[in-house]
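Taking it in order: structure first as structure tokens, then the write-up.
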Amino acid sequence: MARAGLTTETLVRAGAELADEIGFEHATPTELARRFGVRTASLYSHVRNAHDLKTGIALLALEELADRVSEAVAGRAGKDALTAFADAYRDYALQHPGRFAAAQFRLEPEAAAASAGARHAQLSRAVLRGYDLPEPQQTHAVRLLGSVFSGFVGLEGAGGFSHSAPDAQESWTAILDALDALLRTWPARS
């Protein structure tokens with residue numbers, strides 16, 4: 001254990017909390033040093049630079065989110081699995097906006113290969129098994145779900161739906177109903 005109880009794990013977790021408070025882009029070694037009351041240079045034996053810190057936060061967020069989604073979809077199929085999957089993403093994004101942004105951080109290939117990113121793809125495909133989509137349609141559907149969920153929660157988190165009716169939850173439910181209908185009738189193409 002280093003000075004002030006600093007470890008890589010401590011800094012990454014503190015960075016994730018900082019990201020949720022002030023935004024992922026502002027979670028820097030300098031900000032963390034202020035929080036811990038140390039000089040920025042004292043952090044560099046634990047994180048090499050800002051990119052290293054952001055990578056750690058992204059890896060943590062991907063792992064946390066995959067755990068939540070996995071728990072939410074366990075034992076479910078079809079629309080129930082789709083709704084549980086979507087709600088887990090949305091809830092995580094609303095509870096941890098900085099971490100959710102971090103989960104979308106572009107990782108170096110080696111870090112990406114070792115991340116929970118592959119679990120996210122597996123979970124998406126597990127949900128889609130209930131819709132019997134062949135490849136490459138399944139890949140298109142995975143991309144659609146990711147785009148819809150990320151887009152909606154990004155707009156919602158930015159306050160994009162707070163100034164008009166209906167309530168965001170009503171729209172979310174309608175969107176999930178529409179996605180379910182689309183996935184059940186997805187056009188087959190070669």
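The values are calculated or read from the model by the stated rules, or taken from the named source; none is laboratory data. Predicted model, so just to flag it, every value in this text is computed and none were measured. Cβ sites come from the backbone with ideal geometry, for glycine too, and all protein chains shown count toward neighbours. Each accessible area value is taken on the protein alone, full model and side chains, heavy atoms only, with ligands, DNA and RNA left out. Shrake-Rupley method; radii C 1.70, N 1.55, O 1.52, S 1.80 Å.
Checking each residue in segment 1-20 for being surrounded by 13 or more Cβ atoms within 10 Å (Cβ to Cβ) and part of a helix (DSSP H, G or I) picks out 8, 10, 11, 12, 13, 14, 15, 16, 17, 18, 19, 20.
So if I check each of 116, 111, which one is more than 17 Å from residue 86 (Cα to Cα), among the hydrophobic types (A, V, I, L, M, F, W, C), surrounded by 13 or more Cβ atoms within 10 Å (Cβ to Cβ) and within 14 Å of the chain's Cα centre (by Cα)?
So the residue among 116, 111 that is more than 17 Å from residue 86 (Cα to Cα), among the hydrophobic types (A, V, I, L, M, F, W, C), surrounded by 13 or more Cβ atoms within 10 Å (Cβ to Cβ) and within 14 Å of the chain's Cα centre (by Cα) is 116.
So is residue 104 in a loop (DSSP other than H, G, I, E, B), open to solvent by 80 Å² or more (accessible area, probe 1.4 Å) and under 19 Å from residue 64 (Cβ atoms) or not? Against the criterion (in a loop (DSSP other than H, G, I, E, B), open to solvent by 80 Å² or more (accessible area, probe 1.4 Å) and under 19 Å from residue 64 (Cβ atoms)), residue 104 qualifies.
Selection of segment 33-55 for residues being more than 25 Å from residue 158 (Cβ to Cβ), assigned to a helix (DSSP H, G or I) and open to solvent by less than 70 Å² (accessible area, probe 1.4 Å) yields 33, 36, 40, 42, 43, 52.
Restricting 90, 99, 68 to those that are within 26 Å of residue 44 (Cα to Cα), assigned to a helix (DSSP H, G or I) and at pLDDT 95 or above reduces the list to 99.
Under the condition of being in a helix (DSSP H, G or I), farther than 20 Å from residue 183 by Cβ, touching a Ser or Thr at 6+ places or on another chain (Cβ under 9 Å) and not charged (D, E, K, R), the residues counted in segment 107-124 number 1.
A single entry from 73, 69 fulfils the requirement of being of a type in the set (Val, Ile, Thr) and either surrounded by fewer than 21 Cβ atoms within 10 Å (Cβ to Cβ) or over 15 Å from residue 146 (Cα atoms) (or both): 73.
The residue pairs whose first member lies in segment 68-86 and is closer than 17 Å to residue 169 by Cβ, whose second member is outside any helix (DSSP H, G or I), and whose beta carbons are closer than 6 Å, counting only pairs six or more residues apart or on different chains, are 84/76.
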